[in-house]
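Chemist: Got a structure here, written out as C-alpha cells. Questions coming.
None of the figures in this text is laboratory data; all of them are computed from the coordinates on show. Everything numeric in this text was worked out from a predicted model, so none of it was measured. All Cβ positions, even for glycine, are placed from backbone atoms using ideal geometry, and neighbour counts span all protein chains on display.
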Amino acid sequence: MSKNIVGRRFDLSESIREHISESIDGLKKYNLEIISSNTIVTADNKSKEGVSVELVINLTDKNTIVITQRDKDVYAATDKAIDRAKKALRRHADKIKSHKVMSFKDLGVEAEAVLDLEPEEVEVVPMDLELHKPLDFDEAIEALKAEKKRQFIVFNDHDGLMRVMYKRADGKFGLY
C-alpha cells in the first residue's frame with residue numbers, strides 16, 4: 001500500500017506524519033487490499049485555528065472511500081477521520097462477506113439430484129403456433145388498429161426479414 005501525506009498551508013511535523021502513517025497501517029486489519037491512501041491536511045482559512053483532514057482510500061475493487069474531518073487539533077481530526085474510515089471499511093468488508101456466491105460445490109447433494117433426472121420425467125408442453133405466426137404488413141396494421149392493448153407485432157416483410165411494428169403516441173405506426 002502506498003501512503004501519501006501532504007500538508008496544504010500547514011507544516012507537517014515528523015510526529016504528525018508518523019501518527020497518520022501508523023493510523024493508516026491500522027486499516028490493514030480489514031483485509032480489503034488497499035491500493036493507496038492519500039491524506040491531505042489543510043489549514044482552514046476561515047478559522048485560523050482549525051484544520052481539515054481529507055483521507056482518500058483506494059481499494060482494489062475500484063471502490064474509493066473519501067472522508068473529510070475538521071477539528072481544532074490535527075491529532076483529533078486525524079483520529080476522527082481514521083475512526084470513520086474504519087467504520088466504512090468494516091461495512092464494506094461485511095458487505096463482501098455477506099454476499100454469498102452459490103456454486104455447484106456449495107449445493108452438494110442437490111446438484112447431484114439434478115443430474116440424476118431421467119428423460120421420461122421431463123415434460124414438454126406443445127405450443128399453438130397459430131398464435132405466434134408472423135404477420136404480413138397489412139395484417140399487422142389491421143391487428144394494431146383492432147387491439148388497443150398490444151403495442152408490438154412481429155411480421156415477415158417481403159424480404160423475408162422479421163420486423164417489429166408498433167403504434168406511436170401520435171397515432172402513426174413505427175417500424176423496426
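Chemist: How far apart, in nanometres, would the label points at Ala93 and Ile141 be if each is projected 7 angstrom from Cα along the Cα-to-Cβ direction?
Modeler: Calculated label separation equals 6.9 nm.
Chemist: Could you list the trypsin sites (Lys or Arg not before Pro) in the stretch 15-76 that lie in coil according to DSSP, counting only those with at most 13 other Cβ atoms within 10 Å of their Cβ? Could you put the intermediate results ahead of the total?
Modeler: Working: sites: Arg17, Lys28, Lys29, Lys46, Lys48, Lys62, Arg70, Lys72; in loops: Lys46, Lys48, Lys62, Lys72.
Answer by residue number: Lys46, Lys48, Lys62, Lys72.
Chemist: Enumerate the amide H contacts of Ile5 below 5 Å, restricted to partners 5 or more residues apart or on another chain; note that Pro and chain-start residues carry no placed amide H.
Modeler: Those lying under 5 Å, H to H, from Ile5 are Thr39.
Chemist: If you don't mind, there's one more thing I want to ask. By the scheme Lys and Arg +1, Asp and Glu -1, what is the net charge of all other residues having a beta-carbon under 13 Å from that of Ala77? Intermediate results must be reported in sequence, preceding the final value.
Modeler: Details: positive: Arg70, Lys72, Lys80, Arg84; negative: Asp44, Glu49, Glu54, Asp71, Asp73, Asp79, Asp83.
Net of charged neighbours comes to -3.
Chemist: Let me ask something else about it. When Rg is the radius of gyration of the Cα atoms in the stretch 2-98 and Rh is its Kirkwood radius, what does Rg/Rh come to?
Modeler: On the way: Rg = 13.6 Å, Rh = 13.7 Å.
Here Rg/Rh amounts to 0.99.
Chemist: Follow-up question, since we're still on this one. Note down the nm distance, to one decimal, between modelled labels 7 Å out along Cα→Cβ at Asn45 and at Tyr166.
Modeler: Label at Asn45, label at Tyr166, 5.3 nm between them.
Chemist: Which FRET efficiency value, to the nearest 0.05, is calculated for Lys29 and Tyr75 with the Förster distance at 22 angstrom and r the Cβ-Cβ distance? Could you put the intermediate results ahead of the total?
Modeler: Numbers: r = 21 Å, r/R0 = 0.96.
In this case the efficiency is close to 0.55.
Chemist: Pull out the extension gain between Lys3 and Arg84, defined as 0.36 nm times the separation in residues minus the alpha carbon to alpha carbon distance; nm, one decimal.
Modeler: 27.4 nm
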